[in-house]
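The values are calculated or read from the model by the stated rules, or taken from the named source; none is laboratory data. Note that the coordinates shown come from a computational prediction; the quantities given were computed from them, not determined experimentally. Using ideal geometry, Cβ is built from the backbone for each residue, glycine included, and neighbour counts are taken over all protein chains shown.
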Amino acid sequence: MSRNRALLTATAASAALLALTGCGSSGESSGAGDELGLSGDTLVVATEGTYRPFSYHDETGELVGYDVEVAQAVAENLGLEVEFQETQWDAIFTGLDAGRFDTIANQVTITPEREEKYVFSTPYTVSTGVLVVAADNDDITSFADLDGKTTAQSLTSNWNDLAKESGAKVEAVEGWAQAVALLEQGRVDATINDSLTYLDYANTEDASGIKVAAETDEESQSAFVVTPEREALATAIDGALDELQADGTLADLGDKYFGEDVSQ
């Protein structure tokens, strides 16, 4: 588990979790939100709403996705309501810093740079990154081959960092959908993204025009993220995720969206 905070003692962690189980009298706040420094008993979660299969709108317009359902399960475990605020990725950390929401559930990858500023929960998604190119492109077979090529990336994503480190020129996009469109139109040479995003696209759309050219050696871990003053919230989320892992909830959600458990 990758963290940037000191581990709480078992006694302190247990006390924090016990505090969450207390219930108020009828018609009163449960107190769970108060223990975590929330405004009432609602966990406000930022997510894009345009990042299939993690956070998107189905044919009825309902906000759904793997991250959405994980956040809902965590909130329920903690005795909280959940409210989602849809925010563009490039503004999501600014909103967290400003206190407009309590946490982010949007495949936020744990990186050393982010750990210097934020506190992460236990990871709930583990995956690799993939380099995607046009199906007829045989010139790019590794990340090293990106030197001098153009990729489509969200400027604040860790995949943008990898593209630049590989020597690529970056065309800024809002997300995967726009990146794939530019790739299929031949306007960029490649894009880097999460393997699960690619697999979902391949399973739900016509992916005959693209292919995976390379895969990262290291796994990436995605987690809930909070500001340092919300460390108690991160600790409580850890406890909830542990229980959701133990009772099979995370495995079931992974199987629903990806055909396998992606939480470990």
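Out of (1) surrounded by fewer than 20 Cβ atoms within 10 Å (Cβ to Cβ); (2) touching a helix residue (DSSP H, G or I) at 6+ places or on another chain (Cβ under 8 Å); (3) modelled with pLDDT of 95 or more, what's the single condition that is false for Asn137? Among (1) surrounded by fewer than 20 Cβ atoms within 10 Å (Cβ to Cβ); (2) touching a helix residue (DSSP H, G or I) at 6+ places or on another chain (Cβ under 8 Å); (3) modelled with pLDDT of 95 or more, Asn137 violates only (2). Kindly evaluate Ile210 against the criterion of being in the same structural domain as Ala144 (by TED's automatic domain parsing), touching a Gly at 6+ places or on another chain (Cβ under 8 Å) and of a type in the set (A, V, I, L, M, F, W, C). So Ile210 does not fit the description; no. When Glu113, Glu83 are checked against the criterion of being in contact with a strand residue (DSSP E or B) (Cβ under 6 Å, 6 or more places away or on another chain), surrounded by fewer than 20 Cβ atoms within 10 Å (Cβ to Cβ) and either under 28 Å from Ala213 (Cα atoms) or not assigned by TED's automatic domain parsing to the domain that holds Leu199 (or both), a single residue qualifies: Glu83. With a requirement of 3 or more residues that are under 17 Å from Val226 (Cβ atoms) and within 12 Å of the chain's Cα centre (by Cα), the strands (runs of 3 or more DSSP E) lying completely within segment 68-133 that satisfy it span 103-109. Residue check: is Ala172 crowded, with 21+ Cβ neighbours inside 10 Å, out of contact with any His (no Cβ under 6 Å at 6 or more places or on another chain) and more than 16 Å from Thr109 (Cα to Cα)? In short, no.
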